[in-house]
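Everything on this sheet refers to the single structure shown next.
The values are calculated or read from the model by the stated rules, or taken from the named source; none is laboratory data. Since we're looking at a predicted model, the values are computed, not measured. Backbone-built Cβ (ideal geometry, glycine too); neighbour counts: all protein chains shown.
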Amino acid sequence: MPTISACIVAYCDYEEVCAAVRSILHFTPAPDFTLYIVDNASPDGCGKQLADTDWADPRVQVLCLPENVGFGRGHNAVLGKLHSSVHFILNPDIVLTGDILQPMAEWLLAQPGAAMATPQLHYPDGRLQHLPRRKPTPWLLLARQLAPKFGGAFKKADDHYTMQDEDLTAPRRIEFCTGSFMAVRTDVLQKIGGFDPAYFMYVEDADLTQKVLREGTVWLAPQFSAVHAWHRAPMRDAGKFKMQLVSMGQGASKGSPQRGAFNEYPLTNLLPHATVNTSQGR
């Protein structure tokens, strides 16, 4: 049976993080499982609250960072501590409703050449989330922003980007695994060095997926499911959409030819004076 680990990067909202942690502990009976909670220097005192909480479970480890280093670097903080076969990268607004981590890890390792997978995620009211996506480009991100208002070609492009023109009811290979819920072979994650630190927030999950694809295949595994509150969905907000483009541009400009999935997109030329608001958590 494979060993598993998981990490949640927290930024404020203690109660939400607790709901995620307690659901994970409740539905993950594996005694050798480790759940890391990394607090990204939450200004509301969330980190101290998490560290002081009696989880009544020795499988929990809390790490409080001295500064907000972003989503990807927050997850990278535990990379050297991992000794599992499969590691789960989870958002703090994920809630498990069943024992899926161990079975999903077993499924992933049973697929020849597979390196990463994501389950089917639902809103709290049961609606499906269309999170499996194709590799993002500036055009597809723009289409996603404009599709609700203008429809037409933007809607068609958005449906293509979110793979709504495909059958997603059975396991299939995908190009983009959402950072809300990733299952990754730990040896692959450590080999590629985790998330690229050039990305502070947004599209770092797309970049990670592209790096993993160099080592193996990436899958949607809809036979497994979880609840995702998705409070921070960026695609329909102009400010966060701008941050996505900036993040892509920063990753491209800071990355070497071997680093980053988006070096072919000179987005810093599109938004030369934009900056990322680093006071915001993911």
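The number of residues in the stretch 79-90 that are under 16 Å from residue 179 (Cα atoms) and either touching a Phe, Trp or Tyr at 6+ places or on another chain (Cβ under 9 Å) or part of a helix (DSSP H, G or I) (or both) comes to 4.
With respect to the conditions (1) surrounded by fewer than 19 Cβ atoms within 10 Å (Cβ to Cβ); (2) touching a Leu at 6+ places or on another chain (Cβ under 7 Å); (3) of a type in the set (Gly, Ala, Ser), residue 114 falls short on a single one, namely (1).
Residue under question is residue 196, and the condition is that it be charged (D, E, K, R) and either touching a Leu at 6+ places or on another chain (Cβ under 8 Å) or within 21 Å of residue 101 (Cβ to Cβ) (or both); does it hold? Give the steps one after another, and end with the answer.
Numbers: charged (D, E, K, R): yes; either touching a Leu at 6+ places or on another chain (Cβ under 8 Å) or within 21 Å of residue 101 (Cβ to Cβ) (or both): yes.
Against the criterion (charged (D, E, K, R) and either touching a Leu at 6+ places or on another chain (Cβ under 8 Å) or within 21 Å of residue 101 (Cβ to Cβ) (or both)), residue 196 qualifies.
Residue-by-condition table, conditions (1) buried (at least 17 other Cβ atoms within 10 Å of the Cβ); (2) closer than 25 Å to residue 124 by Cα; (3) touching a residue at least 60 places away in the same chain (Cβ under 8 Å); (4) in contact with a Cys (Cβ under 8 Å, 6 or more places away or on another chain):
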position	(1), (2), (3), (4)
1	no, no, yes, no
5	yes, yes, yes, no
16	yes, yes, yes, no
31	no, no, no, no
46	yes, yes, no, yes
51	no, no, no, yes
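Only one entry in 105, 56, 153, 170 is in a helix (DSSP H, G or I), more than 24 Å from residue 191 (Cα to Cα) and either over 19 Å from the mean Cα position of the chain (by Cα) or not charged (D, E, K, R) (or both), namely 153. Checked against (1) in contact with a Leu (Cβ under 6 Å, 6 or more places away or on another chain); (2) under 22 Å from residue 83 (Cβ atoms); (3) not aromatic (Phe, Trp, Tyr), residue 23 passes all but a single condition, namely (2). Every listed requirement among (1) at pLDDT below 95; (2) surrounded by fewer than 20 Cβ atoms within 10 Å (Cβ to Cβ); (3) over 15 Å from the mean Cα position of the chain (by Cα) is met by residue 143 save one, (2).
Only one of the listed residues (119, 124) is more than 14 Å from the chain's Cα centre (by Cα) and either within 22 Å of residue 26 (Cα to Cα) or free of Cβ contacts under 8 Å to residues at least 24 places away in the same chain (or both). That residue is 124.
Given the options 212, 227, name the one that is in a helix (DSSP H, G or I), in contact (Cβ under 8 Å) with a residue 24 or more places away in the chain and of a type outside the set (Ser, Thr, Tyr). Even if it seems obvious, please write down each step before you answer.
Working: 227 fails: in a helix (DSSP H, G or I).
After applying the criteria, what remains is 212.
For the stretch 162-171, the criterion of being at pLDDT 90 or above and surrounded by 19 or more Cβ atoms within 10 Å (Cβ to Cβ) is met by no residue.
In this structure, is residue 80 at positive phi and surrounded by fewer than 22 Cβ atoms within 10 Å (Cβ to Cβ)? Outline the logic, then answer.
Numbers: at positive phi: no; surrounded by fewer than 22 Cβ atoms within 10 Å (Cβ to Cβ): yes.
Answer is no for this residue.
Report whether or not residue 100 is out of contact with any Leu (no Cβ under 6 Å at 6 or more places or on another chain), at pLDDT 95 or above and either under 16 Å from residue 223 (Cβ atoms) or of a type in the set (Ser, Thr, Tyr) (or both). Working first, answer last.
Values: out of contact with any Leu (no Cβ under 6 Å at 6 or more places or on another chain): yes; at pLDDT 95 or above: yes; either under 16 Å from residue 223 (Cβ atoms) or of a type in the set (Ser, Thr, Tyr) (or both): yes.
When the stated conditions are applied, residue 100 passes them.
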